[in-house]
1. Checking Ser136 against (1) part of a strand (DSSP E or B); (2) free of Cβ contacts under 8 Å to residues at least 12 places away in the same chain, only one condition comes out false. Which one?
2. What residue, among those in region 93-135 that are of a type in the set (Ser, Thr, Tyr) and over 21 Å from Ile72 (Cβ atoms), is surrounded by the most Cβ atoms within 10 Å (Cβ to Cβ)?
Amino acid sequence: MAGIGFLSSNIERNLLTLQARLEPKIFDSRSSVFEVEMTKQLGPLFAQKWQRVAANRTFQLGTVKEELDLLICEPETKALLVLELRWMLSPADPREVQTKKRICYQKVDQLARKVTAVSGNLPHLLRAAFDTILESTAGWKVYGAVVIQGFGGALSQLEQFPVVPDWVLEAGVHKAQTLLCLAEWMKSLDWLPIEGRDFEVRENPELLSIPIIYRGIAPLRTGREYLQDATSTMSNL
């Protein structure tokens, strides 16, 4: 029985979870390895549609240096997208869900700081990153989003900077005709699942000596069906 339990358990995740709880500072310092893998996954995806893509680059922006995980530029629509990436372990209990939501909020704050620095130094950044020279910044828009992997996400505390799961972003990239369209779609939150269509909230009794009622979410259809409707809203922008 012990052998079956070992083989059927997610041993890699459990070991990482144990390290995250016992040595959180060491674990966080090494989590960047997984975020580099995210850039290797997302960078080529963006590069298939947009020529100007920069990944894991550090730029001097005024008096500060900022590391940008992923930067995509589209001069035709005067759009620049700054992506802050975060890999997470899948939560195992409600306490971990709340912890990961707080991490999402922290990443949103980091993104807001970086977008502010980018916006204030746009000509310098575009020249350094893409050798693109601007005569004027008029009409340019700088967008930002936090992209997460391994967790469902949290509603951003800053509406202009959404928190988007990586698989939803990938579907949006395939659908988008322009970077401006993709950025506005993410910002609109029209891609969020809809209660009654994509999921429903249920109350479930615990089978204990003392009955406990708890609320949970049950999917109503497949992820592919959800993505079809989520990306279809892009045409309305």
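Each reported figure results from applying straightforward, stated rules to the coordinates on display, with no laboratory input. Being a predicted model, the structure only gives us computed values, none of them experimental. Virtual Cβ from ideal backbone geometry, glycine too; neighbours counted across all protein chains shown.
1. So the condition that Ser136 fails would be (1).
2. Tyr105
Let's see how each residue does on (1) in contact (Cβ under 8 Å) with a residue 24 or more places away in the chain; (2) outside any loop (DSSP other than H, G, I, E, B); (3) surrounded by fewer than 12 Cβ atoms within 10 Å (Cβ to Cβ):
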| residue | (1), (2), (3) |
| --- | --- |
| Val168 | yes, yes, no |
| Pro193 | yes, no, no |
| Glu200 | no, yes, no |
| Tyr214 | no, yes, yes |
| Thr231 | yes, yes, no |
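Residue-wise test of (1) in contact (Cβ under 8 Å) with a residue 12 or more places away in the chain; (2) surrounded by fewer than 20 Cβ atoms within 10 Å (Cβ to Cβ); (3) among the β-branched types (Val, Ile, Thr); (4) in contact with a Lys or Arg (Cβ under 8 Å, 6 or more places away or on another chain).
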| site | (1), (2), (3), (4) |
| --- | --- |
| Thr39 | yes, yes, yes, no |
| Leu42 | yes, no, no, no |
| Leu45 | yes, yes, no, no |
| Val64 | yes, yes, yes, no |
| Leu68 | yes, no, no, yes |
| Glu76 | yes, yes, no, no |
| Arg86 | yes, no, no, yes |
